[in-house]
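Working notes, beginning with the structure itself.
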Amino acid sequence: MSQQQTKNCITLRGSAQILCEYLNYAINSVLFQRGLYPPETFKAAQQYGITLLLSEDPQIKNFLTNLLTQSEEWILNKKVSKLSLVILNVANKEILECWDFNVQYEEGDVALSKEKNETVGSKDLKKIQQEIRDVMLQVAATISYLPFLDCRCSFDVLVHAKTDCDIPEKWAEAEPVAIVNAQNVQLKTFSTSLHKMETVVSYKLVD
Amino acid sequence: MAKEGDMSLLNDVLEPFRRVINTDPPKDKLSASTKLIFSDSNQSIKEDTPNLHSLGKRKSVLNMSAPETPEKRMRSDSTSNTVSAPPSPWEAKRLKIDIIAAKAQIAKLEARVNHQHTIRKEMQILFEEEKTSLTEQHKRDQRAVSEMEERLQLIRRREQELKDEYNEAIKQHMEKKTKWDKEKNELQKQIAELKDKLLESNVSSKDQISEMKKDMDELLQALEGAQQEVEMLKKEVTRQTSRAEQCTTLRTQVEKQTFELQQVTSKLKEIEYERDSYKDWQQQAKTAQKRLTNMAELEKEVIRLRAAERNLRDAVCNKLLLEEQVNLLTTKVETLQPMQQQLHEATVKIAALESSLEEWTTAAKNHGIETSRALSSALDSALSSQLNAVAGCSEAQSILAQHTEELATLKFERDKINTKLNDLQIVRKNQESLIHRLQKRLLLVTRERDSYRQQLDSYERELTVSLSGEGAGGAALLAARVEQLEKALQAYRDLLAHHDHEPAAKALESARAEINKYRDEAEAAKRDVIKLRAQRDQLQAHLEKLAAPTKVLHLADNPAAAAHKQMQVDLESAQEEIKKLKTALREGGSRACPEEMQQLKTQLENSRIKLQRMKEEFTSSAQEYRDVCYMLLGYKIDRTGHKNYRISNMYAESSDEYLTFTLCDDGIEMVHTEYSASLGELVELHLHHHRSIPLFLSALTMELFTRTTMQQEVQEC
């Protein structure tokens with residue numbers, strides 16, 4: 001496991017890494033489930049005790065690694081409040097779907113933090129993974145009620161950062177998105193005892 | 001003593017054995033001793049045989065032990081010695097005892113000897129084993145030594161060989177070195193030669209290039225000439241194509257003219273036909289003029305119809321009068337309503353006042369107001385009457401209440417009447433619309449009447465012939481027609497009366513209008529909902545912004561932007577392609593693909609040639625067929641027109657002698673001609689009697705043949 005963890009002790013960086021790992025799998029899973037890219041470009045991988053699909057497209061991989069390394073830094077510095085995976089129609093740039101990943105910052109284990117002289121959490125890793133697995137299964141189940149995407153679609157990830165956050169190279173400021181006539185569905189949340197991740201999908205309700 | 005002697009003897013005997021044991025004797029010594037022993041034993045056995053009976057016990061002992069001991073011989077000698085001298089009993093006993101003791105000692109000694117033997121044997125075995133092991137070791141050592149020597153020799157040989165090889169290698173190396181040096185020198189020489197050659201070739205190539213350039217210039221000039229020629233040829237080709245086009249246009253014109261000619265001929269035919277028909281029309285016009293004389297009657301009819309129309313107009317006027325009356329009535333009703341109310345109120349008041357007056361008068365009569373006493377009493381009575389009046393007042397109040405109630409009821413009634421009035425007004429409107437309709441109907445009727453008149457005219461034209469013949473019948477027909485027309489009029493009137501379904505239609509329309517209203521409302525509500533949702537979303541976004549001031553960041557090169565760019569690129573390329581295709585379309589497909597045009601032209605030419613050939617073939621084969629028919633059957637058949645055939649015989653005297661036949665639906669028929677009229681007999685016999693044209697024709701040929709031959713014969717004669 002990549003996170004630094006010894007005897008149920010999760011550091012801030014480790015927690016951020018767990019979050020980013022979840023984000024990677026969740027974004028890939030959404031891209032696969034929503035049919036944005038052909039299914040043959042995805043490769044199955046075992047994670048959280050279930051089979052998840054990861055894109056083999058080098059462009060997507062590159063994009064996600066760039067995004068998630070920067071996001072990890074920001075999460076570590078408590079700069080990010082929300083990440084939004086936006087699915088839009090390429091022809092008219094209309095937003096069709098928005099997957100919000102709300103990040104909340106928690107205290108962790110206060111006693112252990114004092115002892116270790118840094119903020120750490122004491123949640124069992126297996127339990128965290130169990131929670132993440134539940135969320136991933138819900139993500140997979142959303143396909144049953146989300147509207148069919150029958151146009152050429154693409155995606156973007158918007159990071160809702162604090163205003164005092166510097167804009168790094170290759171990054172740009174974007175317009176906040178809003179879906180007309182939106183319908184929100186709140187999925188399960190999971191927590192690493194340092195961060196709490198809330199997943200919400202909002203989609204355009206077709207009358 | 002004997003014991004000692006025995007012991008010494010034994011020692012003597014054992015001495016060699018001991019020596020053998022001590023000085024580890026070789027095998028041959030041991031074998032000699034054994035030999036000795038065997039010879040002794042043989043002797044002892046030979047000697048023992050006569051004394052078997054006395055020495056039975058000992059012999060068994062001896063047999064048990066080693067029989068080869070030398071002690072036996074000696075003892076047997078001693079026994080023989082004792083037997084020789086007769087002993088005394090004591091001595092015998094003592095001897096016996098000695099013997100027994102000696103025997104025991106012998107046994108012991110034998111046992112010891114045996115023991116010694118066994119030891120010796122063991123020792124012998126041990127020594128033998130040691131010896132064998134030593135010999136084996138010796139052999140191994142020898143072998144090892146020999147092997148080592150062999151190896152040494154081998155190594156020496158190898159050393160020698162390696163030395164030889166080394167020497168050879170050195171020699172080869174030296175030789176190769178010398179060779180390579182030689183080769184190097186040769187190659188350097190070759191390089192020098194090649195360099196010289198290169199220089200030479202460079203010079204020669206330069207010369208060649210200049211020559212080539214000259215050739216090139218010449219060729220270019222030739223090419224230019226050829227291009228000019230090509231241009232000339234192209235011009236000629238264009239001229240030729242234009243000529244071809246002109247030819248085609250001329251052809252089309254010719255075709256058009258032929259078509260027009262056909263049309264003109266057809267028109268001519270039509271005109272002829274029309275001329276014929278015009279003659280007929282002239283005749284008909286004459287008859288029509290005759291018919292015009294009968295117009296008076298028709299005019300009478302018209303007058304009748306006009307009267308009917310007047311009647312209809314009167315009815316319409318009546319309806320208008322009725323409407324006016326309705327209007328007057330409604331105004332009257334409106335004016336009368338308040339008067340009625342006042343009347344009602346007045347009558348009610350009068351009734352109440354009359355009742356009160358009666359009460360008062362009765363009270364006054366009862367009290368008698370004329371006297372002063374009566375005044376007091378009247379005062380009392382007045383007091384009482386006041387009381388009464390109070391009571392009356394209350395009564396009056398109650399009456400007032402009643403009146404108010406009545407008023408309310410009257411108002412209600414008034415409202416009712418008003419509603420009735422409205423209804424009446426609606427009815428009036430309906431009637432007005434009906435009048436409109438009726439007017440329209442009238443127009444229709446008049447038009448229909450006109451049409452009927454025209455029809456009548458046409459009928460009369462048709463009937464003029466019969467009418468001119470018999471006037472009374474015509475009058476009857478006209479009366480019947482008038483009746484029919486009246487019936488039709490009645491039917492129209494009924495239809496008009498039936499067309500009072502207006503209210504239902506109006507209700508429907510109002511319902512539809514309501515539906516439209518509700519629909520509009522629903523749409524407005526939907527719009528409101530959409531607006532409200534948008535507002536809600538905006539407010540939510542605003543709230544989020546207020547809650548946590550964030551700025552939205554994203555990677556500049558995200559997949560959405562990439563996809564958008566790709567799409568724009570695709571769009572531009574598609575538009576460019578569209579432009580290209582459009583321009584190509586404008587330029588025209590003919591210029592775009594002249595090769596195809598050329599191919600098509602050649603194809604057309606080929607097909608034309610083919611058609612021409614087919615025609616020629618057809619005409620030639622047709623001619624051939626005709627000739628064959630003529631030669632075989634003797635008749636020349638010509639097709640003069642559609643389904644008309646002219647046949648002339650081979651032996652006919654002149655070209656005027658021909659028969660014509662037409663093809664009908666049920667066979668072929670002969671048409672009457674001047675020549676056929678001259679063949680009355682044959683026609684009668686073969687066509688009317690036998691009903692066979694071939695027979696007729698063959699009979700004709702026979703007759704003609706015989707006639708010609710007869711003539712020839714006559715001439716010959």
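The values are calculated or read from the model by the stated rules, or taken from the named source; none is laboratory data. Note that the structure is predicted; figures quoted are calculated from it, not measured. All Cβ positions, even for glycine, are placed from backbone atoms using ideal geometry, and neighbour counts span all protein chains on display. Side chains included, ligands, DNA and RNA excluded: accessible areas come from the protein's heavy atoms. Shrake-Rupley method; radii C 1.70, N 1.55, O 1.52, S 1.80 Å.
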- Query: Taking interchain pairs and intrachain pairs at least six residues apart, which have beta carbon atoms under 8 angstrom, with the first residue in region A:150-177 and at the interface with chain B (Cβ under 7 Å from one of its Cβ atoms) and the second among the acidic types (Asp, Glu)?
  - Reply: A:Ile167/A:Glu173; A:Lys170/B:Asp557; A:Ala174/A:Asp156
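A quick yes/no check of all residues on (1) within 30 Å of B:Lys332 (Cβ to Cβ); (2) modelled with pLDDT under 90:
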{"position": "B:Thr371", "(1), (2)": "no, yes"}
{"position": "B:Ser384", "(1), (2)": "no, yes"}
{"position": "B:Ala401", "(1), (2)": "no, no"}
{"position": "B:Lys420", "(1), (2)": "yes, no"}
- Message: Being exposed (fewer than 12 other Cβ atoms within 10 Å of the Cβ) and within 12 Å of B:Leu438 (Cα to Cα) is the filter here; which residues of region B:299-316 pass it?
- Response: B:Arg313
- Query: In the set A:Ser113, A:Ser144, which member is more than 14 Å from chain B (Cβ to nearest Cβ), polar (S, T, N, Q) and open to solvent by 50 Å² or more (accessible area, probe 1.4 Å)?
  - Reply: A:Ser144
- Message: Which pairs turn up if I take residues in region A:23-46 that are over 16 Å from A:Gln59 (Cα atoms) and look for partners that are among the aromatic types (Phe, Trp, Tyr) and open to solvent by 50 Å² or more (accessible area, probe 1.4 Å) with beta carbon separation below 9 Å, at least 6 apart in sequence or on another chain?
- Response: A:Gly35/A:Phe148
- Using beta carbons and a limit of 7 Å, which pairs, at least six apart or on different chains, have the first residue in region B:560-576 and facing chain A (nearest Cβ under 8 Å) and surrounded by 11 or more Cβ atoms within 10 Å (Cβ to Cβ) and the second one in a helix (DSSP H, G or I) and not small (Gly, Ala, Ser)? none
- Residue that is farthest from the other protein chains (Cβ to nearest Cβ) [pool: residues in region A:27-66 that are in a helix (DSSP H, G or I), of a type outside the set (S, T, N, Q) and surrounded by 15 or more Cβ atoms within 10 Å (Cβ to Cβ)]: A:Phe32
- Task: Take region B:623-644 and flag every residue that is open to solvent by 70 Å² or more (accessible area, probe 1.4 Å), among the charged types (D, E, K, R) and in a strand (DSSP E or B).
- Result: B:Lys636, B:Arg639
- Task: For region A:147-180, name all the residues that are open to solvent by less than 20 Å² (accessible area, probe 1.4 Å) and among the aromatic types (Phe, Trp, Tyr).
- Result: A:Phe155
- Message: If I filter region B:525-541 down to residues being within 11 Å of chain A (Cβ to nearest Cβ) and under 44 Å from the mean Cα position of the chain (by Cα), which single residue comes out as least open to solvent (accessible area, probe 1.4 Å)?
- Response: B:Asp537
- Kindly indicate which of B:Lys286, B:Lys300 is more than 16 Å from B:Asp457 (Cβ to Cβ), without any contact (Cβ under 8 Å) to a residue 40 or more places away in the chain and of a type in the set (D, E, K, R). B:Lys286
- Message: Just checking, does region A:181-188 include any residue being part of a loop (DSSP other than H, G, I, E, B) and open to solvent by less than 20 Å² (accessible area, probe 1.4 Å)?
- Response: no
- Just one listed residue, out of B:Glu514, B:Glu544, B:Glu521, is within 13 Å of chain A (Cβ to nearest Cβ) and assigned to a helix (DSSP H, G or I), and it is B:Glu544
- Note on the structure: Residue count, region B:430-473, condition among the hydrophobic types (A, V, I, L, M, F, W, C) and either outside any helix (DSSP H, G or I) or at pLDDT 90 or above (or both), comes to 7
- Message: Going through B:Ser385, B:Ser381 one at a time, which residue ends up being of a type in the set (Gly, Ala, Ser), touching a His at 6+ places or on another chain (Cβ under 6 Å) and surrounded by 14 or more Cβ atoms within 10 Å (Cβ to Cβ)?
- Response: B:Ser381
- Scanning region A:67-97 for residues that are under 14 Å from the mean Cα position of the chain (by Cα) and open to solvent by 10 Å² or more (accessible area, probe 1.4 Å), the one nearest to the other protein chains (Cβ to nearest Cβ) turns out to be A:Ser81
- Message: Checking the structure you have, find out if any residue of region B:324-338 is part of a helix (DSSP H, G or I) and in contact with an Asp or Glu (Cβ under 9 Å, 6 or more places away or on another chain).
- Response: no
- Scan of region B:645-679 for residues that are touching a Leu at 6+ places or on another chain (Cβ under 9 Å) and open to solvent by 60 Å² or more (accessible area, probe 1.4 Å), ordered by number: B:Tyr645, B:Arg646, B:Met650, B:Tyr651, B:Glu653, B:Glu669
- Hey, among B:Ser277, B:Ser242, which residue is in a helix (DSSP H, G or I) and over 54 Å from the mean Cα position of the chain (by Cα)? B:Ser277
- Query: A:Leu137 passes all but one of (1) more than 14 Å from every other protein chain (Cβ to nearest Cβ); (2) open to solvent by 50 Å² or more (accessible area, probe 1.4 Å); (3) in contact (Cβ under 8 Å) with a residue 40 or more places away in the chain; (4) farther than 26 Å from A:Ile18 by Cα; which number fails?
  - Reply: (4)
- So which residues in region B:547-556 are at pLDDT 70 or above and either surrounded by 15 or more Cβ atoms within 10 Å (Cβ to Cβ) or more than 7 Å from chain A (Cβ to nearest Cβ) (or both)? B:Thr550, B:Lys551, B:Val552, B:Leu553, B:His554, B:Leu555
- Query: If the Cβ limit is 8 Å and pairs must be 6+ apart or interchain, which residue in region B:333-350 that is open to solvent by less than 70 Å² (accessible area, probe 1.4 Å) pairs with which residue that is part of a helix (DSSP H, G or I) and not acidic (Asp, Glu)?
  - Reply: B:Val333/B:Ile417; B:Val333/B:Leu421; B:Gln337/B:Arg414; B:Gln337/B:Ile417; B:Gln341/B:Leu410; B:Gln341/B:Arg414; B:Val348/B:His403
- Task: Scan region B:402-421 and give yes if some residue there is under 30 Å from B:Val316 (Cα atoms), surrounded by 12 or more Cβ atoms within 10 Å (Cβ to Cβ) and without any contact (Cβ under 8 Å) to a residue 40 or more places away in the chain, otherwise no.
- Result: yes
